[in-house]
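To start, the structure itself, in structure tokens.
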Amino acid sequence: ALEIRNLTILNPLIVEENTKIIASISDTEVAQGHWKINIEGRKAYVHAEVVRSGSYPMSGTVDIVSFKKNAQESFSIGEMYKRYAMRGLLHTGFMKAEGLIYKSDQGILFEGSPAPEAVPTVDQFLFHPALIDGSAIAVMPLFTELVNEGEHLFLPVYVGSFRSLALINKCCFSYMPFSSIKRKGEVTSFDIYFLDEYGHKTGEIVNLSSKLVREERGAGEGGPVHVKTPIAATVEDSSAVFFTRNLWASYLNMNP
């Protein structure tokens, strides 16, 4: 009955080796059944809302057997991790999923499970981060062909909404239709639908928006790569003031 809405990543939460970050998760009930969520530490990391929105309507079905049988191509998600590693984003151990990605002219289907390192703790999660992240990683072939940004990296900055009536922790079927893709400037958004083994929709991420990360190389050839990740503006926000403040904050490296 709960739905996460307007989840905005303000700053990446980066923990370097031999360091630690203490982060607090706070909630404020602003109305009955409506909470504001903040994750903060050295910086403000995430703002979001949680809303009691009633039962989730199960609508929409994907014929998983037929999709896999008629897929134009299939490959391991391990190939996607390797390609992301080449772009500077490394997944290891607990945060890696296993499974196959199937591609058709309609979209992409991912059938996955947590890596062995994560299996002992899957029951601690309603929605396992490796499977949620893996579902987004699986869409990389989509970016390669339809976004046409070469080897640049896209990082998530905003989620319009997320809800699910089933656990996503031990296995996962996720479907990403090409029809949901939108591109506006350096921001690309799409939807992910979670399915049960029969192809019935049991959950969804709506408007998962990722921003293109530009690289700034050192003066020497082959110098170090510094990934500049600007503070994200809420993609769907209609306030010009809010957008402009966030835009300038990203270039000044300041909190909005």
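The values are calculated or read from the model by the stated rules, or taken from the named source; none is laboratory data. Note that the structure is a prediction, hence the values are computed from the model and not measured. With ideal geometry, Cβ positions are generated from the backbone for all residues, glycine too; neighbour counts draw on all protein chains shown. Accessible surface areas use protein heavy atoms only, side chains included; no ligands, DNA or RNA. Shrake-Rupley method; radii C 1.70, N 1.55, O 1.52, S 1.80 Å.
Collect the residues in region 185-208 that are over 16 Å from L142 (Cβ atoms), among the charged types (D, E, K, R) and either within 16 Å of the chain's Cα centre (by Cα) or open to solvent by 50 Å² or more (accessible area, probe 1.4 Å) (or both), keeping them in residue-number order. Steps first, answer last, please.
Of all residues in region 185-208, those over 16 Å from L142 (Cβ atoms) come to 185-186, 194-204, 206.
Subsequent filtering for residues that are among the charged types (D, E, K, R) retains 186, 196-197, 201, 204.
E186, E197, E204, listed by residue number.
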Have a look at K182, K211, K170 and point out the one that is modelled with pLDDT of 75 or more, under 17 Å from the mean Cα position of the chain (by Cα) and open to solvent by 60 Å² or more (accessible area, probe 1.4 Å). K182
Would you mention how many residues in region 107-133 are in a helix (DSSP H, G or I) and either touching a Leu at 6+ places or on another chain (Cβ under 8 Å) or surrounded by fewer than 19 Cβ atoms within 10 Å (Cβ to Cβ) (or both)? 8
Sort out which residues of region 16-46 are hydroxyl-bearing (S, T, Y) and surrounded by 14 or more Cβ atoms within 10 Å (Cβ to Cβ), and write them in order of number. Y45
Could you list all residues from region 182-204 that are touching a residue at least 60 places away in the same chain (Cβ under 8 Å) and in a strand (DSSP E or B)? Y193, L195, H200, K201, T202, G203
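Please verify whether region 160-181 includes one or more residues that are of a type outside the set (A, V, I, L, M, F, W, C), over 28 Å from S66 (Cα atoms), in contact (Cβ under 8 Å) with a residue 24 or more places away in the chain and not in a strand (DSSP E or B). Give the derivation first.
Here is the first cut: in region 160-181, the residues of a type outside the set (A, V, I, L, M, F, W, C) are 160-161, 163-164, 169-170, 174-175, 177, 179-180.
Those still in the list that are over 28 Å from S66 (Cα atoms) too: 160-161.
Retained after the next criterion (residues that are in contact (Cβ under 8 Å) with a residue 24 or more places away in the chain): 160-161.
In the following step, the residues that additionally are not in a strand (DSSP E or B) were identified as none.
No; the residues of region 160-181 include none that is of a type outside the set (A, V, I, L, M, F, W, C), over 28 Å from S66 (Cα atoms), in contact (Cβ under 8 Å) with a residue 24 or more places away in the chain and not in a strand (DSSP E or B).
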Would you call A136 modelled with pLDDT of 90 or more, farther than 25 Å from R52 by Cα, open to solvent by 10 Å² or more (accessible area, probe 1.4 Å) and in a helix (DSSP H, G or I)? yes
